[in-house]
Amino acid sequence: MKKRVILYTDGACSGNPGIGGYAGILIYGDARREYSGGELSTTNNRMEVQAVIVGLERLKYPCAVDVYSDSAYTVNAFANRWIYAWKRNGWKKADGKAVQNVDLWERLYALTQTHEVTFHKVAGHADDELNNRCDELARAAISLLRESLSGQEGEIGEA
């Protein structure tokens, strides 16, 4: 039987595109691990998907994962089964246009083949303590990246 893990995620962007941050909280039993990171030039949607990818990539074994996200973009790709049609159609949408962020969707799709993932939509910036914490971590990642640019050369890594 696979271990059941809870994953809360969020992404944020200062400007869209602009400096972005992502964050997540992995919960297994009493263990809770937070993570975050950022990118210089990205979009909010990319950070939302990246947050889920990083969380799933941190799991050492195939798990049953409940992902909680305020991103309709991320959740609906699976809940409405769009991602399966996109993949089947060579990463094209129903209107024949290319799917954006294919690099991330391919990675996330592969991870959903390893893990048994169920996506849950939560209201953003509401009363969900863990969603609010992820938002705080993602915004802090943006601030850290912005600070690193103002005084030093180099890249920000994951926190």
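Read through the list (1) assigned to a strand (DSSP E or B); (2) modelled with pLDDT of 95 or more; (3) surrounded by fewer than 22 Cβ atoms within 10 Å (Cβ to Cβ), then give the number of the only condition that S14 fails.
Among (1) assigned to a strand (DSSP E or B); (2) modelled with pLDDT of 95 or more; (3) surrounded by fewer than 22 Cβ atoms within 10 Å (Cβ to Cβ), the lone unmet condition for S14 is (2).
Counting just the residues of region 120-130 that are within 18 Å of the chain's Cα centre (by Cα) and either surrounded by fewer than 16 Cβ atoms within 10 Å (Cβ to Cβ) or assigned to a loop (DSSP other than H, G, I, E, B) (or both), which one comes out modelled with the lowest pLDDT? Can you show your working first?
If we filter region 120-130 for residues that are within 18 Å of the chain's Cα centre (by Cα), which is where we start, we get 120-125, 128-130.
Narrowing further to those that are either surrounded by fewer than 16 Cβ atoms within 10 Å (Cβ to Cβ) or assigned to a loop (DSSP other than H, G, I, E, B) (or both): 120-125, 128-129.
Working: H120: 97, K121: 97, V122: 95, A123: 90, G124: 80, H125: 74, D128: 90, E129: 94.
Of everything passing the filter in region 120-130, H125 is modelled with the lowest pLDDT.
Given V65, V117, which one is within 19 Å of R133 (Cβ to Cβ), among the aliphatic types (A, V, I, L, M) and not in a helix (DSSP H, G or I)?
When all the criteria are applied, what remains is V65.
Which of the following residues is assigned to a strand (DSSP E or B) and charged (D, E, K, R): E48, E34? Before the answer, list the steps.
Working: E48 fails: assigned to a strand (DSSP E or B).
Of E48, E34, the one residue that is assigned to a strand (DSSP E or B) and charged (D, E, K, R) is E34.
Given L59, L111, which one is under 24 Å from K3 (Cα atoms), assigned to a loop (DSSP other than H, G, I, E, B) and of a type outside the set (F, W, Y)?
L59
Can you go through L26, L40, L7 and tell me which one is surrounded by fewer than 16 Cβ atoms within 10 Å (Cβ to Cβ), in contact with a Gly (Cβ under 9 Å, 6 or more places away or on another chain) and either hydrophobic (A, V, I, L, M, F, W, C) or not in a strand (DSSP E or B) (or both)?
Matching residue, one of L26, L40, L7: L40.
How about region 131-145: which of its residues are touching a residue at least 60 places away in the same chain (Cβ under 8 Å), closer than 28 Å to P62 by Cα and either surrounded by fewer than 19 Cβ atoms within 10 Å (Cβ to Cβ) or over 14 Å from the mean Cα position of the chain (by Cα) (or both)?
R133
If you go through region 87-101 one residue at a time, how many are within 30 Å of D128 (Cα to Cα) and in a helix (DSSP H, G or I)?
0
Evaluate the following for S150: is it at pLDDT 95 or above and closer than 21 Å to G21 by Cβ?
On the way: at pLDDT 95 or above: no; closer than 21 Å to G21 by Cβ: yes.
No; evaluated as a whole, the condition is false for this residue.
From Y84, Y73, grab the single residue that is without any contact (Cβ under 8 Å) to a residue 40 or more places away in the chain and either over 30 Å from R32 (Cβ atoms) or assigned to a loop (DSSP other than H, G, I, E, B) (or both).
Working: Y73 fails: either over 30 Å from R32 (Cβ atoms) or assigned to a loop (DSSP other than H, G, I, E, B) (or both).
Of Y84, Y73, the one residue that is without any contact (Cβ under 8 Å) to a residue 40 or more places away in the chain and either over 30 Å from R32 (Cβ atoms) or assigned to a loop (DSSP other than H, G, I, E, B) (or both) is Y84.
The values are calculated or read from the model by the stated rules, or taken from the named source; none is laboratory data. Just so it is clear, the model here is predicted, and its values are computed rather than measured. We place every Cβ from the backbone using ideal geometry, glycine too, and count neighbours over all the protein chains shown.
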